[in-house]
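J.: Structure below; questions to follow.
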Amino acid sequence: MVTDRAARDSLPAAAAESEAKTDNAKRRQILDGARTVFRARGFDGASMETIARQAGVSKGTLYVYFDSKEALFRALILEERMEQPETCLELAGCPGDIAADLKRIGTAYLEKMSMPERISTLRMVVGAVEQFPEFGALLDAEGPRRGIENLGAFLQARIARGDLKPCDTEVAASHFFGLCTARALRRVLFNVGSVPSEDEIRSTVEAAVAVFLAAYGGEPCREGKG
């Protein structure tokens, strides 16, 4: 008797869980289709009909999950912003040689920044920000702004160790990111050349670190100093 009641009571919960999984899978299906369309056509060039077709759902189903193209685009940005290069950097760990640490950070950043899907996302958002500035703000908050804050904290710790001179760490972090992408970002963003090779990434980051330490390095970090 108790067993039968328990089984009956569990049915609504199991059904709800199954329905939730179906909803999540359908939402994922729609977002994946929307990502393909938005990256290929931009915000203005995409239509809900095209997105529905790419996602393999009816237009009616699409509107059940997202009531407008703007809502769908926003949901996509909210998802994409967590995969930005600045957010994915590993800054924690035992501090070693400052030049080696900066090379590791810069290499990881430039590699991630140069990935075709990241460039496509950047183009996609840049194309829509004039009409919807909040889209750019969403991406900036979790990407560049958070990356500058996190790298700034890393630099502040190295200032305390004497590896770097006292400075405005947010400005210094911005300079470092800019130096790392100086040769490659514009080229890949405008699609006027290939993504940087491993050799180009290495040489670009090495140059970025050298310039950065020339400006911000503490006495122990300068070449020729003990």
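The values are calculated or read from the model by the stated rules, or taken from the named source; none is laboratory data. Values in this document were obtained by computation on a predicted structure and should not be read as measured data. Cβ atoms come from the backbone with ideal geometry, glycine included; neighbour counts cover every protein chain shown. Please note that ligands, DNA and RNA were not included when accessible areas were found on the heavy atoms of the full protein model with its side chains. Shrake-Rupley method; radii C 1.70, N 1.55, O 1.52, S 1.80 Å.
J.: Could you state the accessible area per residue of the range 84-216 in Å², with a 1.4 Å probe and every protein chain left in place?
T.: Working: 6620 Å² over 133 residues.
So the range 84-216 comes to 50 Å² accessible per residue, rounded to a whole number.
J.: Taking the Cα centre as origin and putting +1 on Lys and Arg beta-carbons and -1 on Asp and Glu beta-carbons, what dipole magnitude results for the range 84-216, to the nearest 20 debye?
T.: Numbers: 14 positive and 18 negative charges, 44 e Å.
Here the size comes out at about 220 debye.
J.: List the residues whose amide H sits under 5 Å from the amide H of Gly217, counting only those 5 or more places along or on another chain, with H placed 1.01 Å from N in the peptide plane.
T.: Amide H to amide H, under 5 Å and 5 or more residues apart or across chains, Gly217 pairs with Lys165.
J.: Please get the size of the charge dipole for the range 119-185, origin at its Cα centre, with Cβ charges of +1 on Lys and Arg and -1 on Asp and Glu, quoted in debye to the nearest 20. Working shown, then result.
T.: Working: 7 positive and 8 negative charges, 71 e Å.
Using only the charged Cβ atoms, the result is roughly 340 debye.
J.: Would you please give the FRET efficiency between Ala40 and Glu134, computed as 1/(1 + (r/R0)^6) with r the Cβ-Cβ distance and R0 = 22 Å, to the nearest 0.05? Could you put the intermediate results ahead of the total?
T.: On the way: r = 23 Å, r/R0 = 1.04.
E(calc), rounded to 0.05, equals 0.45.
J.: Taking the Cβ of Gly45 as the center, what net charge do the other residues with Cβ under 15 Å away carry, scoring Lys and Arg +1 and Asp and Glu -1?
T.: On the way: positive: Arg35, Arg39, Arg41, Arg53, Lys69, Arg123; negative: Asp44, Glu49, Glu70, Glu130.
With Lys, Arg at +1 and Asp, Glu at -1, the net is +2.
J.: Suppose R0 equals 45 Å. What FRET efficiency, 1/(1 + (r/R0)^6) with r the Cβ-Cβ distance, do Thr61 and Arg183 give to the nearest 0.05? All intermediate terms of the calculation are to be shown ahead of the outcome.
T.: Values: r = 45 Å, r/R0 = 1.01.
Plugging the Cβ-Cβ distance into 1/(1 + (r/R0)^6) gives 0.50.
J.: Additional query: By the gyration tensor of its Cα atoms, with a ≥ b ≥ c the square roots of the eigenvalues, what is the shape of the range 111-226: rounded for a/c under 1.5, prolate for a/b over b/c, or oblate? Don't jump to the answer; show the numbers that get you there.
T.: Details: a/c = 3.29, a/b = 1.54, b/c = 2.13.
Oblate is the answer for the range 111-226, as a/c is 1.5 or above yet b/c matches or exceeds a/b.
J.: Further, regarding this structure: Which ³J(HN,Hα) values in Hz, rounded to whole numbers, follow from the phi angles of the range 26-32 under the Karplus curve 6.51 cos²θ - 1.76 cosθ + 1.60, where θ = phi - 60° and Gly and Pro get x?
T.: Residue by residue, the range 26-32 yields 5, 4, 4, 4, 5, 4, 5 Hz.
J.: Count the net charge of all other residues whose Cβ sits under 9 Å from the Cβ of Met124, scoring Lys and Arg as +1 and Asp and Glu as -1. Could the numbers behind the result be given before it?
T.: Working: positive: Arg35, Arg39, Arg123; negative: Glu80.
Neighbour charge sum, excluding Met124 itself: +2.
J.: Nearest 20 debye, what's the magnitude of the dipole of the range 14-77 about its Cα centre given +1 on Lys and Arg Cβ and -1 on Asp and Glu Cβ?
T.: On the way: 11 positive and 8 negative charges, 49 e Å.
For the range 14-77, the charge dipole is close to 240 debye.
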